[in-house]
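Beneath this line is the structure, given in C-alpha cells, with notes to follow.
The values are calculated or read from the model by the stated rules, or taken from the named source; none is laboratory data. Values in this document were obtained by computation on a predicted structure and should not be read as measured data. Ideal geometry is used to build each Cβ from the backbone, glycine not excepted, and the neighbour counts take in all protein chains shown.
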Amino acid sequence: MMPTYHLIAALGSSFAAGPGIEPVADAAAMRSQKNYAHQLADRLGAGLVDLTVSGATTANIVDTPQQTAGGIVYPPQVDGVPADADVVTITAGGNDLQFAGAMLYAAWLRREPESPMVPMLGPMFPEGIPLPTERAVEQAATGLVRVIEKARANAPAARILLVDYLTVLDDDSRPATPFSDEELGQFLLIQSAVGQVFKDAATRTGAELILASSLSARHALGSAEPWVQPFHQALTQTGASFHPNETGMTAIATELERLLGT
C-alpha cells in the first residue's frame, strides 16, 4: 500500500518548471501545469507548492531573488517551502554551468546570426561555449548542497528527491541540432558535468537521487522518441529549446510515483 503524501514542494530551474509545455501555470516563470511536479501531485492526490522558475541558479533558490526578463522578481525559492511538506523535489545546477543558455546561444549564432537574440545572449558568453572547469563544477555542487540543506531545514520531515536532467544530447544528436561536431562535443562535456554535480550533491547530503539522465538515455535529440524539445526558432517558443517535453516530464513523474510507493 502506497504511503500517503499530502503536500509536495517543487524547487528548481527550467528542467523542473517545463517551459513550452501547455497549459501554462505561470508565464513569467515559464512554468507548466504539466511539469513533473504537477503530474506527480495529481497522481498522488497531493497538494503542490510549485516554486520553480526557468533560469534559476542554485543561488536564486537559496538566497538571491531572481528577476525575469519581463521585470518580475521572484524571492528565493526555498523560502516558500512549507514546514509540513512531505516531499521536496529539486532540479537545479545546470544554469550554474550555463548549459541550456549556451546551447540556445550557439543555436542562434549558427542558424540566424543576424537575429536580435545573438546580441542579447552574447554578453553571457564572451569566450564562447563555457567548458566546465573543476572549480565551476565544485561551485555548482556546493550550490546544490546548499539547496538541499535549506530545504531540509525548512521541511524537516520531508523526503528530499533530487532529480537530475533528462538527457538532451548524445553522440548521434548532431543531425537533429544546429551544432557542429565540435560544439556537440563541448555540450556533451557540460551535460556530463551537470550529471556529476547531482551525484556529488547526493553523496554529500544523502539526498535520494533520481537519475532522469539514465531513464532518458535512449531519448535524446535525434532518437526515435525524444523526451526533449528541439531548437525553436520562433521567438515566442525559443526559450523552451532543448528542454523537457511533456513525454519526458511524464516519464519523470512515473518514476517518482514508483519511488514514493516503495
| Residue in the stretch 246-262 that is farther than 30 Å from T4 by Cβ and either more than 16 Å from the chain's Cα centre (by Cα) or hydrophobic (A, V, I, L, M, F, W, C) (or both) present | no
| remark: Checked P130, P75, P119 against criteria (surrounded by fewer than 19 Cβ atoms within 10 Å (Cβ to Cβ), over 19 Å from the mean Cα position of the chain (by Cα) and modelled with pLDDT of 95 or more); the one match is P119
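Residue by residue, here is whether (1) buried (at least 16 other Cβ atoms within 10 Å of the Cβ); (2) in contact with a helix residue (DSSP H, G or I) (Cβ under 6 Å, 6 or more places away or on another chain); (3) among the hydroxyl-bearing types (S, T, Y) holds:
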| position | (1), (2), (3) |
| --- | --- |
| A155 | yes, no, no |
| R159 | yes, no, no |
| R174 | yes, yes, no |
| Q186 | yes, no, no |
| S192 | no, no, yes |
| D200 | yes, yes, no |
| A217 | no, no, no |
| L221 | yes, yes, no |
| A224 | no, no, no |
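Matching residues to (1) touching an Asp or Glu at 6+ places or on another chain (Cβ under 7 Å); (2) assigned to a strand (DSSP E or B); (3) touching a residue at least 12 places away in the same chain (Cβ under 8 Å); (4) under 30 Å from T177 (Cβ atoms):
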position: V78; (1), (2), (3), (4): no, no, yes, no
position: A83; (1), (2), (3), (4): no, no, yes, no
position: I90; (1), (2), (3), (4): no, yes, yes, yes
position: M103; (1), (2), (3), (4): no, no, yes, yes
position: A106; (1), (2), (3), (4): yes, no, yes, yes
| query | If you go through the stretch 1-52, how many residues are part of a helix (DSSP H, G or I), surrounded by 24 or more Cβ atoms within 10 Å (Cβ to Cβ) and out of contact with any Pro (no Cβ under 7 Å at 6 or more places or on another chain)? | reply | 6
| Assuming R135 fulfils every condition listed in (1) without any contact (Cβ under 8 Å) to a residue 24 or more places away in the chain; (2) of a type outside the set (D, E); (3) not in a helix (DSSP H, G or I) apart from one, which condition is it? | (3)
